[in-house]
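Working notes, structure below.
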Amino acid sequence: MVPERFSMARYCVGDAAARRPHETALVVVHDAEAPPEEAERWTFGELDDAVRGVGAGLLSLGLGRGAHVLIRLDNTSDYPLVFFGAIAAGLVPIPTSSQLTRDEVAFLLADSDARALVCADELALDVPDGVIVVGPGDVARWRATAYRIAYADTHPDDPAYLIYTSGTSDRPKGVVHAHRAAWGRRPMYPAWLGLRPGDVMLHAGAFNWTYTLGVGLTDPWVNGASSVVYNGPRDPSVWPALIERYAATHFAAVPGVYRQLLRRTRLDPGDLPTLRHGLVAGEALTPALWNAWREATGRELYEALGMSELSTFISSGPTVPTRAGSPGRPQPGRRVAVLPRESESTTPLSDGEVGVLAAHRSDPALMLGYWRRPLEEAAAYRGEWFVTSDLVHIDDGGYVRYHGRGDDVMTAMGYRVSPLEVEECLGRHPTVGEVAVTEVEVRDGLRLITAFVVPRDPDDRERIDARALLSYAADHLAAYKRPREVVFVDALPRTANGKILRRELAARRWTP
């Protein structure tokens, strides 16, 4: 049961500081080749002090309880300080990627009704009237002052943070999570992460990503472990060196990072002596990559399946043996079902039958709802079940077998990407008549976002430059949303009712 009064920030930061104030909580590595003593280090006590100082600074702006604070910072320690500082103050932070364009951030500011923007100087942009702009200098000043707040007295169901995710619309939608979301992560600790006090978690993601804020920070701190985050150049060869140099017991990344790591480095089972296992999420893990990692390192690679609305709830781990081709089993305490895809029935299917994966709405990790999207929120539930778009069946061992998504949402670098959002962007280019965007598998385990374009003027087809369209996308979309290939076609495949058949386009395969 979730405690009657519960603060996510106190649970993750304050409680850890009370138990182990002088132990290392966070290490930020700026130079992969520098000795560990030159890295930026925070004890739990220092982290607690800084979080409460930043929380005090945010409240000094005149923000009321529950006000939204959008974060647009670089990959520095300021990011978690502002994120947890806002939660500590009873505010609602909105973490965003520094890769987002100005247009994308402008939409989030307007849609979220943010009252403050904490922004890196080089990422500054025009803001609507009434939005307070805060810079890194303000964060440093707040940390240097003597005033510290107590953690806000919050209810488990009070909003704690808001994240934006792509869905089936042409604009991202906000997912509101309660403070209880942190408590709801407890089932994943034995069933996926296997964290113990004194462990060291190295996460390959940036601070702005909820995968990093959760698995990279929240989960280690709650379990008395240390977090290591690297903010230097993203060369895949740095990860084994960082694992060894910082004695990491856990390494978390998306499948693509493991794939590049194995391609760029040579590992033997005797290497990385401190590493107990790897963790992977964000997109499906192929059996080939799973086997390659195990053979190269002699370590397990534990996968988890989750989503922005619920985090991970299916996994393998120290208490759940891995099976090739499956992300694992429902974590203990989760109520999970496979429901019919083509009906509104709430009766779970039998093992072996393919349907949509669903989680019970009583799960404390489940979102409060979609921000100002009542119709989409209502459509996400079927009786007592929150219904995903993941098509699965459960095998005779209780393992979930993934069959892809029932909608057209894509996955890129661990982020969900709506094809409609990319299509809406490219459709504004003057040379584009029609466009459909989908993922195309170019080789086993590697899928690229691809735009299929019908030119506005067929006679000019030879003169249309794919590079111009890719450049246009780069000006208007975050890097992870951009198509990597443009294919010109005479017409798009459609159903009798005119709906684009993206799956038919996705079936095309070639080597770019």
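Tabulated values for the structure
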| read-out | value |
| --- | --- |
| Sites Glu424 and Arg196 - FRET efficiency at Förster radius 45 Å, r taken between beta-carbons, to 0.05 | 0.45 |
| Stretchable slack from Glu342 to Arg484, in nm (0.36 nm times residue separation minus alpha-carbon distance) | 47.8 nm |
| Largest-first ordering by accessible area, 1.4 Å probe, given options Thr154, Thr210 | Thr210, Thr154 |
| Å² of accessible area per residue within the chain, as computed with a 1.4 Å probe and no ligands counted | 40 |
| Rounded to the nearest 10 Å², the accessible area of Asp129 at probe 1.4 Å | 150 |
| Arg266/Asp129 FRET efficiency (R0 45 Å; Cβ-Cβ; nearest 0.05) | 0.20 |
| Quotient of C-alpha Rg and 2.2 N^0.38 Å, computed over segment 1-47 | 1.51 |
| Globularity index of segment 199-316, i.e. its alpha-carbon radius of gyration over 2.2 N^0.38 Å | 0.99 |
| Local electrostatic count, Phe84, Cβ distance below 10 Å [Lys/Arg +1, Asp/Glu -1] | +1 |
| Convex hull per residue volume in Å³, alpha carbons only, for the chain | 155 |
| Percent antiparallel among DSSP beta bridges (both partners in the chain, rounded to 5) | 60 |
| Percent accessible area from carbon and sulfur atoms, the chain, protein chains only, probe 1.4 Å | 49 |
| Glu504, Glu104, reordered so the largest accessible area comes first (probe 1.4 Å) | Glu504, Glu104 |
| Taking N as its residue count, the alpha carbon Rg of segment 2-101 over 2.2 N^0.38 Å | 1.17 |
| Along each principal axis, Cα extent of segment 131-221, largest first, Å | 43, 41, 31 |
| Extension gain, Arg361 back to Arg19 (0.36 nm per residue minus Cα-Cα distance, nm) | 119.8 nm |
| Separation of alpha-carbon centers, segment 1-79 and segment 327-391, rounded to whole Å | 33 |
| Length gained when the stretch Asp31-Leu61 is fully extended (0.36 nm per residue, less Cα-Cα span) | 7.3 nm |
| Heavy atoms of Tyr381: accessible area, 1.4 Å probe, square angstrom to 10 | 40 |
| Arg102-Asp235 pseudo-label distance in nm [points 7 Å out on the Cα-to-Cβ vector] | 3.4 |
| Candidates per GluC sites (Glu not before Pro) in segment 13-44, loop by DSSP, up to 16 other Cβ within 10 Å | Glu23, Glu33 |
| Accessible heavy-atom area order of Thr347, Thr249, highest first, probe of 1.4 Å | Thr347, Thr249 |
| Relative contact order (%) - segment 40-99, alpha-carbon pairs under 8 angstrom, separation at least six | 41 |
| 10 Å binning of all Cα-Cα separations within segment 286-364, expressed as whole percents from 0 upward | 16, 41, 30, 11, 1 |
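The values are calculated or read from the model by the stated rules, or taken from the named source; none is laboratory data. Predicted model only: the values in this text are computed from it and were never measured. Positions of Cβ are backbone-derived with ideal geometry, glycine not excepted, and every protein chain shown enters the neighbour counts. The area values use the complete protein model at the heavy-atom level, side chains included, leaving out ligands, DNA and RNA. Shrake-Rupley method; radii C 1.70, N 1.55, O 1.52, S 1.80 Å.
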